[in-house]
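Everything below concerns the one structure shown next.
The values are calculated or read from the model by the stated rules, or taken from the named source; none is laboratory data. Predicted, not measured: the structure shown is a model, and the values here were computed from it. Ideal geometry is used to build each Cβ from the backbone, glycine not excepted, and the neighbour counts take in all protein chains shown. What goes into the accessible areas is simple: the full protein's heavy atoms, side chains included, and nothing from ligands, DNA or RNA. Shrake-Rupley method; radii C 1.70, N 1.55, O 1.52, S 1.80 Å.
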Amino acid sequence: LFIDGELTDAISGETFDVEDPATGQVIGQMALGAAADINRAVAAARRTFDAGDWWKKKYNERQEILWRWSDLIERDIEFLAELEVRDNGMPLALARGMIASGLSAIRYNAGIVSKIYGHTAEISGGGLDIHAYTIKEPAGVAGLITPWNGPFASAATKSSSALAAGCSVVLKPAENTPLSAIRMAELAFEAGVPKGVFNVVPGYGHIAGQALVEHPDVDVVHFTGSTAIGKQLVRTVAEDLKRVHLELGGKSPVFVFNDANIDEVIPAAAMGIFRNSGQVCFAGSRLYVQDRVFDQVVAGISEFAKGIKVGNGFDPASQMGPLVSAKQRERVLGYIEAGRSEGAQVTAGGTSIDGSGYFVHPTVFADTSADMTIMREEIFGPVIGISRFNGLDDLAALGNATTYGLGAGVYTGSVSTAHKAAKALKAGNIWVNSYGFTDKSLPFGGYKQSGWGREGGFEGIDAFLEQKTVYVKL
Ligand code: NAD
């Protein structure tokens, strides 16, 4: 654990195994944080926040420290990327990209530090001469909870937003992938973030995570994970109404119109689902194709899937790594079985790969229908379902027939179709003629059960700020 500027054992002395999903081997032991450790970490964060150890520093000093932190991450990018590959299994090139994405979040948020301000307003009535203004203040102690699919990028985005706002932080990374979060906090400390301001407590969600959400000294909970756990958090915070921000699951639709450039569509739509073995919240897992190009797209994506090199993330030829755990592989195989038994046709993959590690072939289902389990539920694996659609007439009905609303894609040669589709789809992120590009300068988040609020961009800081209005009679 990293608490109050130090690496420390759990109070219980217990540890848990850290596993390499490409080999199934245990590669290390991590201290197993529990409620007592969360108490220690929250106490450190509370003490530093109440004393103003971080937020009372002048903005330029906080900004310099965040920049220094990002420089240290850049210095150590290879080491951090290797940690991510060992812990999560993703290909090394993807891991480098994920660390770079976390790094750019820190630099973007360092810029925001100097741009957090309120405003003044004209006061209309009451016969009084009033000067009024608003101030934005850091919300307090932020409890951050992250998933295992992009461990570093997610933790770096959340923690740099919280720190930029002036909050003190307790981060609970996913139990499957705790390694890079610990190193990230050590580097923040090395860069000058005062001790106790950024604490990391790995542990199980239902114990350490739950304790963090319940803790009365935590002011804001910022969570990325499944919709099921997100709902549970909301029930928990109903007790004390602490602020909660949710980045949750998705079942994102992608539409290919007859007039799209099919040579570009095939690799883009395929990697829109197979990147990171489909363990991406906004993965384009439902593909709708217009009639004239349907057979061509199904054949092209199936061939592309068969050609993807699946292997250990350290093999430079690997385009797709394993799933994160044996449990996740079983879950994905269960969905593939459901697809078959409900009548969808497998045109590529459909099986796991024998041997050590948790590999599953990229899998394509054609002739799927909206009622099938694989078209309704988030699989979080390399599985795509392909259906037909007619055009703008049924795009919204098909695309929006989901409880989720995280992403959606449109491939078309028509500017008019692109904008009409973007307007009709109920999702927080729309991609036209590409899929899945994100940038830390723009807000990211979901409609409906894909979450509450936005992370990233200028909007991302709001979750970590309180706003105060001041009226002064002159
Ligand atoms: P998960 O919900 O099982 O776990 C996420 C985190 O919550 C982990 O750190 C876990 O330990 C913790 N947790 C579990 N139970 C808890 C509890 N009772 N109280 C507090 N914390 C608890 O999700 P996962 O399987 O790790 O990640 C996959 C999910 O995350 C998918 O649904 C995916 O779509 C979603 N996700 C969303 C985004 C986004 O930005 N919208 C990004 C990445 C992943």
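Tally up the residues in the range 248-263 that are more than 16 Å from the ligand (Cβ to nearest atom) and of a type in the set (Gly, Ala, Ser), please.
Result for the range 248-263: 1.
Being part of a strand (DSSP E or B) and free of Cβ contacts under 8 Å to residues at least 40 places away in the same chain, is that true of even one residue in the range 157-166?
No, the range 157-166 contains no residue that is part of a strand (DSSP E or B) and free of Cβ contacts under 8 Å to residues at least 40 places away in the same chain.
Check every one of the strands (runs of 3 or more DSSP E) wholly within the range 379-474 and list those with 3 or more residues that are small (Gly, Ala, Ser) and open to solvent by less than 30 Å² (accessible area, probe 1.4 Å).
In the range 379-474, the matching strands (runs of 3 or more DSSP E) lie at 407-411.
Name the helices (runs of 4 or more DSSP H) wholly within the range 55-156 that hold at least 1 residues that are among the aliphatic types (A, V, I, L, M), more than 19 Å from residue 183 (Cβ to Cβ) and in contact (Cβ under 8 Å) with a residue 60 or more places away in the chain?
Details: elements: 59-75, 77-88, 92-112.
Hits in the range 55-156: 92-112.
Kindly list the number of the only condition in (1) more than 25 Å from residue 285 (Cα to Cα); (2) more than 7 Å from the ligand (Cβ to nearest atom) that fails for residue 245.
With respect to (1) more than 25 Å from residue 285 (Cα to Cα); (2) more than 7 Å from the ligand (Cβ to nearest atom), residue 245 is out only on (1).
Of the numbered conditions (1) open to solvent by less than 60 Å² (accessible area, probe 1.4 Å); (2) in contact with a helix residue (DSSP H, G or I) (Cβ under 7 Å, 6 or more places away or on another chain); (3) more than 16 Å from the ligand (Cβ to nearest atom), residue 324 satisfies every one except a single condition; which is it?
Of the numbered conditions (1) open to solvent by less than 60 Å² (accessible area, probe 1.4 Å); (2) in contact with a helix residue (DSSP H, G or I) (Cβ under 7 Å, 6 or more places away or on another chain); (3) more than 16 Å from the ligand (Cβ to nearest atom), the odd one out for residue 324 is (3).
Pairs please, first residue from the range 442-454 and in contact (Cβ under 8 Å) with a residue 40 or more places away in the chain and over 16 Å from residue 154 (Cβ atoms), second anywhere and more than 10 Å from the ligand (Cβ to nearest atom) and among the charged types (D, E, K, R), Cβ atoms under 7 Å, 6+ apart in sequence or on different chains.
Short answer, once both residue conditions are applied: 447/426; 448/426.
For residue 143, only one of the following conditions fails: (1) away from the ligand (no atom under 16 Å from the Cβ); (2) within 15 Å of residue 220 (Cα to Cα); (3) of a type outside the set (D, E, K, R). What is its number?
(1)
So that you can scan it fast, the table gives a plain yes or no per residue for (1) open to solvent by less than 10 Å² (accessible area, probe 1.4 Å); (2) not in a strand (DSSP E or B):
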site	(1), (2)
10	yes, yes
18	yes, no
28	no, no
44	yes, yes
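Hey, could you check the range 294-314 for residues that are open to solvent by less than 60 Å² (accessible area, probe 1.4 Å) and outside any helix (DSSP H, G or I) and say which is nearest to residue 23 (Cα to Cα)?
The selected residue is 312.
Exactly one of these conditions fails for residue 123: (1) more than 22 Å from residue 5 (Cα to Cα); (2) out of contact with any Asp or Glu (no Cβ under 8 Å at 6 or more places or on another chain); (3) crowded, with 16+ Cβ neighbours inside 10 Å. Give me its number.
Against the list (1) more than 22 Å from residue 5 (Cα to Cα); (2) out of contact with any Asp or Glu (no Cβ under 8 Å at 6 or more places or on another chain); (3) crowded, with 16+ Cβ neighbours inside 10 Å, residue 123 comes up short only on (3).
For the range 252-268, give me the residue count where each residue is in contact with a strand residue (DSSP E or B) (Cβ under 6 Å, 6 or more places away or on another chain) and either under 30 Å from residue 224 (Cα atoms) or surrounded by fewer than 21 Cβ atoms within 10 Å (Cβ to Cβ) (or both).
Count: 7.
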